[in-house]
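Here's the structure, in structure tokens; my notes come after.
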Amino acid sequence: MPAEVETELLGGTANRGLVVRVGDTVRRPLRASSTATHALLQHLESVGFKGAPTFLGVDSQGREVLSYLTGETVTTPYPDWSMTDEALDSVAHLLRAYHDAVADFRPVGYEWAEPVPPAYVTGLISHNDPNLDNVVFRDGVAVALIDFDLAGPGSALWDIATAVRLWAPLRPEADIHDVRRGRSLTRLRRFADAYGLTDEDRLRLVDAAADNHVWCMDYVRRGAETGHPWFHQRWTTGEADLTNRTNTWFTHQAQALREALL
């Protein structure tokens, strides 16, 4: 029998070069939190949520096996369709559908990857990394989330803060190098509206996004300091400076961001 053909899948940082497609499956490295992640994916499958991979087991090389989801993810250079307001709306709708599907998942005794700040933990298992390359699109519409490595106890607000920070995006104008430049405030409001964000969470969203940026960049910094090659490359080729600029930007723009959500 011929050997199975493995095709490397692009995107991401933590597992770059280690995620492959084999036929209709994806093979990924196991992690300390894999048992928890697999339980989450099994729950999503049990409630009929189609917007996540299916956990299929562990292969002979000790890698987790997931179903391959057809479609496109958003990587640079960003295609025009991925930067539209309609694509943004669909990400918000997908995230809301995920939160509805996971709302009654109550895991006990699992080890998760990266703790979320306690102020943003409500008991809901959030994805925690709805980055551009972790959303699968078909015909310009977001249909699935992938890469649940950072999933864990969090909240809908924390996921929304993560997503809108990256998709609006929320950062200095000079650091936005695509058609979204000049539209961050508009897209922030649009995402909140498309998700159906509550008034209470609207009041907290700007602070949550700023805190999320600190949390995420601290994760990257620690990865760089412990010798992860791709995190080190990312941190030492501009990410550290961008982090400082963005932290300052959040401080200066906080009121304008809050007003955009009213």
**Prompt:** Plugging the Kirkwood radius over Cα pairs into Stokes-Einstein for the range 7-67, at a temperature of 10 °C and a viscosity of 1.306 mPa s, what D comes out in µm²/s?
**Reply:** 131
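What ranking do THR73, THR237 get, fewest neighbouring Cβ atoms within 10 angstrom at the top?
Details: THR73 20, THR237 9.
Placing the least packed residue first, the sequence is THR237, THR73.
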**Complete:** Calc'd 3J(HN,Hα), the range 210-217, phi into Karplus 6.51 cos²θ - 1.76 cosθ + 1.60 (θ = phi - 60°), Hz, glycine/Pro = x, comes to 5, 5, 5, 4, 4, 4, 5, 5
**Request:** Might you report the magnitude of the Cβ-based charge dipole of the range 1-103 about its Cα centre, with Lys and Arg at +1 and Asp and Glu at -1, to the nearest 20 debye?
**Result:** 440
**Item:** the range 106-123 - phi-based ³J(HN,Hα) in whole Hz, Karplus 6.51/-1.76/1.60, Gly and Pro as x
**Value:** 10, x, 10, x, 8, 9, 9, 7, 9, x, 8, x, x, 5, 10, 10, 10, x
**Prompt:** Amide H neighbours of VAL58 under 5 Å, counting only residues 5+ apart in sequence or on other chains, H built in-plane at 1.01 Å?
**Reply:** VAL65
**Asked** So how far, in whole Å, is the C-alpha centre of the range 172-237 from the one of the range 33-52?
**Response** 26
**Request:** Work out the length of the dipole vector of the chain about its Cα centre, built from +1 on the beta-carbon of each Lys and Arg and -1 on the beta-carbon of each Asp and Glu, and round it to the nearest 20 debye.
**Result:** 320
**Message:** Which one, LEU197, ALA260, TYR98, is farthest towards the positive end of the dipole of the chain when Lys and Arg carry +1 and Asp and Glu -1 on their Cβ?
**Reply:** ALA260
**Request:** List every residue whose amide H lies under 5 Å from the amide H of THR122, counting only residues 5 or more places away in sequence or on a different chain, with H placed 1.01 Å from N in the peptide plane.
**Result:** GLY154, SER155
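Quick one: THR84, THR7, fewest Cβ neighbours within 10 Å first, how do they rank? Walk me through the numbers on the way to the answer.
Numbers: THR84 13, THR7 9.
Fewest-to-most ranking of THR84, THR7: THR7, THR84.
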**Prompt:** At each listed q (0.22 Å⁻¹), what is the log10 of I(q)/I(0) that the Debye formula gives for the range 127-237 modelled as equal alpha-carbon point scatterers?
**Reply:** -1.41
**Prompt:** In debye to the nearest 20, how big a dipole does the range 7-67 give about its Cα centre with +1 on each Lys and Arg Cβ and -1 on each Asp and Glu Cβ?
**Reply:** 160
**Relative contact order, percent, the range 29-116 [alpha-carbon distance under 8 Å, six or more residues apart]** = 40
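Per DSSP helix of 4 or more residues, -39500 (n - 2.57); summed, then divided by the residues of the chain. What does that give at 222 nm, rounded to the nearest 500? Don't jump to the answer; show the numbers that get you there.
On the way: 7 runs with 109 residues, N = 262.
Helix contribution divided over all residues of the chain: -13500 deg cm²/dmol.
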**Fill in**
The long-range amide H neighbours of ALA144, using H built 1.01 Å from N in the peptide plane and a cut-off of under 5 Å, are VAL136
**Message:** Restricting things to Cα coordinates, could you compute the convex hull volume per residue of the range 210-262 in Å³?
**Reply:** 69
**Item:** Candidate values (1) 54, 47, 42; (2) 62, 41, 37; (3) 78, 63, 36, label of the one derived for Cα extents along the principal axes in Å
**Value:** (2)
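The numbers here are math on the coordinates, done by the rules we state, and not lab data. Nothing here was measured: the structure is a model prediction, and the numbers come from that model. A quick note on method: Cβ atoms are made from the backbone with ideal geometry, for glycine too, and the neighbour counts reach across all protein chains shown.
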